[in-house]
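The values are calculated or read from the model by the stated rules, or taken from the named source; none is laboratory data. No experiment lies behind these values; they were computed from the predicted model shown. Here the Cβ is made from the backbone with ideal geometry for all residues, glycine too, and neighbour counts use every protein chain on show. All accessible areas refer to the heavy atoms of the entire protein, side chains included, with ligands and DNA or RNA removed. Shrake-Rupley method; radii C 1.70, N 1.55, O 1.52, S 1.80 Å.
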Amino acid sequence: MNTQNTPVHITLWHKGFWLLLLANLFLTMSIYALVPVLPIWLMTYEHFSPLYTGMSMGAFAFGMFGFGFFCSYLVQRFRRNVVCIYSILLMALLITAIYYIDDHHITMIDVWIIISQRFLLGASFGLAQMILSSTLIVDTSESFQRTEANHSTSWFARFAISLGPLAAIVMNHHFGVSAVLIMSAAFCLISVMLIRMVDFPFRAPDEHQTVFSLDRFFLPHGFTLFINLLLITIAVGLILSIELSFTFYGMLMVGFVFSLLAQRFVFVNAELKSEVVTGQILLIGALLLLITRHAVVVNYAAPTMIGTAMGIIGARFLLFFIKLSRHCQRGTSQSTYILSWESGLALGIGIGYAFFYGNPHMTLMTSLTLTVISMAMYILFTHNWFIRNKNR
């Protein structure tokens, strides 16, 4: 299978699968709802400098790797759905801690408390995503349906990049930051409720499971794909550090819909390289529009192009990771993709605030440079490397 136009199996879309997809959507929305409001709150209310604000936002990226080495052990030692639920409850608790600080008007809090909170939030989110997307989803799918299941799951998480901030902007406008924090924690609890509604088959634990393992965490021979996708998502994260409007995130969602249509009707029989290259060209075009043009239409066209690019590139790289995996490594390849995607976006947001806050032109130029580098890397090296090393 060399196209992302995966076959649709009606039997896959049963009640349990829908519940897990929605759980993944709300779980990811809880994180992205914080993107447009938390940095501003840190700078205006806690009086953080842009550097410390960027460090706080970027700490989430490093936290994504925090519990990864223990993922395989935890899902073998305990029931996997229970581990996932406790990870999400920890997320809700950490978000509630920020609400407590805001509600009790605690100002000038030590920066390392916020950095630690963001790191732990990233660690708990990373563990929850690894288990939910690469283990629980697989448990509810037949073997021949799992590529479609992985593809669909990633799309629901991708939608959250738009839906989470949209909900947060509306709540912040009408009710303030505290309401956004309550909503974010509530999304976590909704995700827990949805997971609890699904029955999971019992899996006998591996008797020789070690505490530290790369299994279900990171695919070493996928490092090239990891770096290439990381460069792309950092570039997009830089854009998210300056684009905080309702229009931007709304048109981003329109772009996601366009990319879904493109995969079904434009790239069905296209050359394998075309999707990633087309996505990167769209991203470069959007950045050039943002840099050189200031017409109102750019506010609609650029985010639509960015959303289309993210959808096309993300879906193709996910399939690349799956095709690169060996026997029993599907979950590991899925986790590696999630790490590259989520940590790249968080790093981009953190770098944008830390080094380019107040200078959108330089932010966009840096994003453009990274996109061009990632495109050159993909065309000159990554694609041919993947063709030589894929296993499926």
Would you be so kind as to identify all helices of the chain, as entire DSSP H runs, whose Cα atoms reach 24 Å or more along the helix's own axis and whose mean Kyte-Doolittle hydropathy is at least 0.0?
15-32, 80-103, 111-131, 146-175, 177-196, 223-240, 246-265, 274-292, 298-324, 330-356, 360-377
Using alpha-carbon pairs under 8 Å, 6+ residues apart, how would you state the relative contact order of the chain in percent?
28 percent
Rounded if a/c is under 1.5, else prolate if a/b is larger than b/c, else oblate: which is the chain, with a ≥ b ≥ c the root eigenvalues of its Cα gyration tensor?
oblate
Charge context of Ser134, other residues only, Cβ under 11 angstrom, K/R +1, D/E -1
+2
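Using 0.36 nm per residue of separation minus the Cα-Cα distance, give me the extension gain between Ile373 and Arg79 in nm, one decimal.
101.6 nm
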How much of the accessible area of the stretch 254-345, in percent, comes from carbon and sulfur atoms when a 1.4 Å probe is used?
69 percent
Using the per-residue mean of other Cβ atoms lying within 10 Å as a proxy for protection, in what order, highest first, do the peptides 335-344, 290-299, 71-80 fall?
335-344, 71-80, 290-299
GNM flexibility winner over the chain from Thr332, Thr28, Thr366 (Cα, springs under 10 Å):
Thr366
Based on a Kirkwood Rh over C-alpha pairs, give the Stokes-Einstein translational diffusion coefficient of the stretch 131-254 at 4 °C and viscosity 1.567 mPa s in µm²/s.
72 µm²/s
Please give the contour-minus-distance gain from Val254 to His208: 0.36 nm per residue of separation, less the Cα-Cα distance, rounded to one decimal in nm.
11.8 nm
Could you rank the peptides 354-365, 219-230 by their average count of other C-beta atoms within 10 Å per residue, with the highest value first?
219-230, 354-365
Semi-axes of the stretch 249-382's equivalent ellipsoid from the Cα gyration tensor, sqrt of 5 times each eigenvalue, largest first, rounded to whole Å?
26, 19, 14
Backbone N within the stretch 348-392 under 17 Å of label point (7 Å from His327 Cα along the Cβ vector):
391-392
Of the residues Ala286, Val266, Thr135, the Cα lying farthest along the dipole of the chain towards its positive end, which is defined by charges on the beta carbon of Lys, Arg, Asp and Glu, belongs to Val266
Compute the whole-percent fraction of alpha carbon pairs in the stretch 88-134 spaced more than 16 Å apart.
42 percent
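Specify, per residue and in Å³, the volume enclosed by the convex hull of the alpha carbon atoms belonging to the stretch 114-172.
Roughly 88 Å³ of hull volume per residue.
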Choice from Gly176, Gly352, Gly66 with maximal GNM fluctuation in the chain (Cα, 10 Å cutoff)
Gly176
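Could you give the length gained on full extension between Arg196 and Ser245, defined as 0.36 nm per residue of separation minus the Cα-Cα distance, in nm?
14.1 nm
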At a 10 angstrom cut-off on C-beta neighbours, averaged per residue, how do the peptides 143-150, 18-25 rank from highest to lowest?
18-25, 143-150
Quote the relative contact order of the stretch 82-163 in percent (integer), defining contacts as alpha-carbon pairs under 8 Å separated by 6+ residues.
35 percent
In nm, to one decimal, how far is the Tyr300 label point from the Arg388 one, both placed 7 Å along Cα→Cβ?
4.7 nm
